[in-house]
Structures are given as C-alpha cells and as structure tokens.
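In what follows, a structure is listed as structure tokens, so that the remarks can point back to it.
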Amino acid sequence: MEDQTSFDLSDAIQKWRRDLSQSAAFHSADLDELEAHLRDAIPALQASGLSSEEAFVVASRRIGTRQTLESEFGKIHSGHSVRNRPWLAGLLQIVTPGLGNLYTGRPVRALILHVTVLCIGLFLALALLWLPGPLNLLIPVAAAIVVAVFVVLDGVQCARARPHFPLERYKRWYVYILAVLIVAATEPFLMGNYVIQAFPTPTPSMEPTILVGDHVVADKTAYAFSDPQRGDLAIYRTPEFPQRIFVKRIVGMPGETIEIRNREVLVSGRRVDEPYVQFIRRSTDETSPGDSMAPTVIPADAYFLLGDNRDNSLDSRFIGPVQRQQILGKANTIYFSLDPDTQKPRWNRIGKTPN
Amino acid sequence: MYNNAMLSKELVAASTVPLVLSVLTEGENYGYELIRRVRELSGGRIEWTEGMLYPVLHWMERERMIESEWREAAGERRRKYYRLRKEGRMALKEEQQQWMTVHGALMKLWKTKPHLT
C-alpha cells in the first residue's frame, strides 16, 4: 500500500481550498460547500480501494479546476456573465489610472497603480518646474508617455489574464463614476493648488515678456519655503477682480516707498532700471494716468506689482499693493504658445522660462 | 458501444435543472448525494463536473425553485441541504411537459421510419 506518512490529507484539502480562494468568484459559503463535497467524495473513493492521495486527486479533479468553476460561480454572484474587455480596460486606464484594473477585478492593484502614477506625476511636475529648458518639457513629456503606455498595457494585460471575471459587489456603474469624481475633484485641485497650475494668457499686459497666446505653468511651490523676490513674475488674485488671475512683475518690496515720476519708477527714492519694460506711446507728450504716482508706502507683507507693458496694464498703480497671501505662485515655464493672429504655434517660445 | 456513450455536454447542461428538481422530489438532499443519485440513475452516463452543480443550485435558489439550509445531521459533517419549494414543483411540471413534448415527437418520428434491426 501507499506510504501514508508522505501525504497529509487535511493539509492537501486546506491547500486546495486556499487555491480556490484566490479567486474572488468564490464566496466563503461556496468554499464551505465545495469542501464538504470533497470531504464526502474522498471516503467513498477510499472505500473502493484508492489511497488517500489518489482519492484526493480523483475527487478534486471531479469537482473541477478553479479556472473551470470560477466563471460559473462568478455568473451566479453577478447575475450575468462578464467579459473583461482588454480595450475597455485600456481605455479606463486613460480616464483614471487604476480604473481599468478596478474593472478587471483588481482593486488592490488599481490602488497601488493609481498612487504610483500620482507620485510619478508629482515628481514630473516638479521636474517641469525645476529642470532647465529644454529638459523641463522633454523629460516630463517623454516620461509621461512611457508611464501612460505602461498603465494602458497593464490594464489590457489584467483583462487578458482574466477574460471572464465575475462582477464583484463593488462593480457597479455608480462606483466607477464615484471613483472618477473623487479623483477628478481632489487630485487636480491639490496639484493645482500646491504644486503646478496651467494658465493661458489672454491679455498683453506683460508683453514683451509674456505674449498673448502663451500658456504658462505657475509654480505653486515657489513661495512655500521662500519669499517673493524683486523681479519675480508673480501670479496673484485681488479682491477687486475676484474672477481674474493676474501675472505681474514684483517691483516694490514690503515696507518700501514707491513713486512714479513721468514713467520712471523710484523705489525708496532711487530710480529702478527696467530693461524689460515696453511703452506703447512713442513720446511722453501724451500722458496717461499710470505715468505718475505719488510716493506710496507699501504695507508690511505686501508687494507692488507692475506689468511690463506699462501703458496697457492693470496693476498696483491702480489697484494698490498685493497682500502676500494673495500671491498664488510664480510664472515658471511657457509650455505652449499659439500666435493669436496666425493660429500657429510659436515653437521658439515653448519651454522658455519668462523672466 | 453506443449504449455506453456519455451524454453530450449540451444535453447535460439542458437536463441539469429538471434532474435536480426531480431528485429533490424524493426529499431534501445535499450536493454530493444529488450527484451520486443522478449518476446511479443514469447508469453513470450523466457525468457532471461536480463543482459545476453548485452554481446551478445557487441559481435555482435565487429563482426560488429551491431553498437551502446548512445543517449538521447527528454524527455527520455540516452540509448544505436543498429542498423543493412550490415554485420548484411548478417549474418541474413545465420541464416535464417540455421534455415529454420532445420525447413524444422523437418517438413518433423514429417509429414511422422503416428500419432494420
């Protein structure tokens, strides 16, 4: 007869059960029932002369493999059969990284992948802000393409690995919508508020430094750990125009006295050299209200900002100094630029950091 | 040779529900015994992938043809017993009619064909 010491029946049954439990298609009550079946079948086979090992093998084969059983069990728990479609899994991965994994019944993988992509995204955003041009655009764009391809392929792969997978209890259309909504409501918000945000430029107030049609990313981390500096292109809001976001140059610092005399800016009595400024009017014959301003003391914790296109700029001359807390960030990189007249990209501006 | 042929997959699938309902008219039963009984009645020619019976049982339960209960008979292991409900008896009646229709039609056809034995 067989050597009984080499085969532990209860151990084998446990292993068998553990293997089935790998599939979410089986609920624990299903496993209880299948195990009871196996435990009934084995003694009957042993009674006909098989060893315990042979009986186990025959009985478990008669029950069927995990692969054969899981789709039928899955159907029962879902009400209908579900095919994991690779193209849909790939598409959902683009909608939100991890959504395709979720769809194929891999919630843990979905979460890990999503968090990983988020971290990579954060890292690439910082690379975009901190690397010198043209690497600031090339590296993040190339890396983002690689990551996107990987994420899509991972979703496709998950769907191929399990072509038939049961509808889990969480697999409801509103769960997907909810997941997308949560991600869409939180992540761009957090990213845009604390790391990086993109803005178009519809007005010419900063010409020739920033042109109409330039798309600029703002560095939201710029003033988290250091103070704004003179000459910075700051992005800010003012309570006077709550709908608008301004970008202007910091000319006066907290506590300084600023005065404008016939277009010349004086900070604490000293003339400021402004090579970046452009005037539209050729002569000083025509005067404009912005040409002169009586000496003004900038409050502590506030900054005086002016547009480089001095004749066509709504700035601190008219709406006063800007509180530090209203400054959102610093103009960092022109990530795209479209000539508003020809509607053609201005390639030479893309990747540049205006200063 | 022909008499020993196993039932085709399609026929096995189609006959599972009426077979289960019919065996349960003999009284409540659990999966392993149900399968044993069907094998015995069919002379071993109806061979199920045994695990596949359970999703069918669960489906029938959801369709309210049968109901189930985990129970431990004295001195035996814990098993899930299934028993017929009223809806199950009605379903069986319908199944019987349908199978008898097919059976009757085939019988008539086969009897009218001249054949040598």
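Here is how the numbers come out for the structure above:
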quantity	calculated
Members of segment A:102-147 that are within 24 Å of A:Tyr223 (Cα to Cα) and in a loop (DSSP other than H, G, I, E, B)	A:Leu131, A:Pro132, A:Gly133, A:Pro134
Qualifying residues in segment A:31-51 (those that are among the small types (Gly, Ala, Ser) and at the interface with chain B (Cβ under 10 Å from one of its Cβ atoms)) - the one farthest from the chain's Cα centre (by Cα)	A:Ala44
Restricting segment B:30-48 to residues that are at pLDDT below 90 and small (Gly, Ala, Ser), the residue that is surrounded by the fewest Cβ atoms within 10 Å (Cβ to Cβ)	B:Gly43
Criterion: of a type in the set (Val, Ile, Thr), more than 23 Å from A:Ala125 (Cα to Cα) and surrounded by fewer than 18 Cβ atoms within 10 Å (Cβ to Cβ) - qualifying residue of A:Val267, A:Val277, A:Val251	A:Val267
Condition met for A:Ser28 (hydroxyl-bearing (Ser, Thr, Tyr) and within 14 Å of another protein chain (Cβ to nearest Cβ))	yes
Cross-chain or 6+ apart pairs with Cβ under 7 Å, segment B:93-117 first and closer than 17 Å to B:Leu11 by Cα, then modelled with pLDDT of 90 or more and part of a helix (DSSP H, G or I)	B:Glu95/B:Val17; B:Glu95/B:Pro18; B:Glu95/B:Leu21; B:Trp99/B:Pro18
Among the residues listed as A:Val58, A:Val108, the single one being surrounded by fewer than 17 Cβ atoms within 10 Å (Cβ to Cβ) and not assigned by TED's automatic domain parsing to the domain that holds A:Trp16	A:Val108
Residue within segment B:49-59 that is among the polar types (S, T, N, Q) and modelled with pLDDT under 90 present	yes
Every pair of residues 6+ apart whose Cβ atoms lie under 8 Å, when the first sits in segment A:76-93 and is small (Gly, Ala, Ser) while the second is at pLDDT below 80 and buried (at least 20 other Cβ atoms within 10 Å of the Cβ)	A:Ser78/A:Pro166
Check on B:Glu69, surrounded by fewer than 15 Cβ atoms within 10 Å (Cβ to Cβ) and either in contact with a His (Cβ under 6 Å, 6 or more places away or on another chain) or closer than 22 Å to A:Lys75 by Cα (or both)	yes
A:Cys119, sole failed condition from (1) out of contact with any helix residue (DSSP H, G or I) (no Cβ under 8 Å at 6 or more places or on another chain); (2) touching a residue at least 40 places away in the same chain (Cβ under 8 Å)	(2)
Count of residues meeting criterion [more than 8 Å from every other protein chain (Cβ to nearest Cβ) and among the charged types (D, E, K, R)] in segment A:52-79	5
Boolean, A:Ala222 is buried (at least 17 other Cβ atoms within 10 Å of the Cβ), hydrophobic (A, V, I, L, M, F, W, C) and in the same structural domain as A:Gly255 (by TED's automatic domain parsing)	yes
Selection status of B:Arg79, touching a helix residue (DSSP H, G or I) at 6+ places or on another chain (Cβ under 9 Å), at the interface with chain A (Cβ under 9 Å from one of its Cβ atoms), assigned to a strand (DSSP E or B) and over 18 Å from A:Phe73 (Cβ atoms)	yes
Members of segment B:1-54 found to be among the charged types (D, E, K, R) and closer than 21 Å to B:Lys86 by Cα, listed by number	B:Glu26, B:Glu28
Whichever residue in segment B:46-76 is away from every other protein chain (no Cβ under 11 Å) and not charged (D, E, K, R) and, among such residues, is farthest from B:Leu21 (Cα to Cα)	B:Gly75
Some residue of segment B:32-45 being more than 14 Å from every other protein chain (Cβ to nearest Cβ) and either over 16 Å from the mean Cα position of the chain (by Cα) or over 24 Å from A:Arg62 (Cα atoms) (or both)	no
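Condition check ((1) at pLDDT 90 or above; (2) more than 16 Å from the chain's Cα centre (by Cα); (3) closer than 29 Å to A:Pro354 by Cβ; (4) in the same structural domain as A:Ser23 (by TED's automatic domain parsing)) across all residues:
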residue	(1), (2), (3), (4)
A:Ile112	yes, no, no, no
A:Ala127	yes, no, yes, no
A:Trp130	no, yes, yes, no
A:Pro134	no, yes, yes, no
A:Ala144	yes, no, yes, no
A:Val147	yes, no, yes, no
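The values are calculated or read from the model by the stated rules, or taken from the named source; none is laboratory data. All of these numbers come straight from a predicted model, not from anything done at the bench. As a convention, Cβ positions derive from the backbone with ideal geometry for all residues, glycine included, and neighbour counts pool all protein chains shown.
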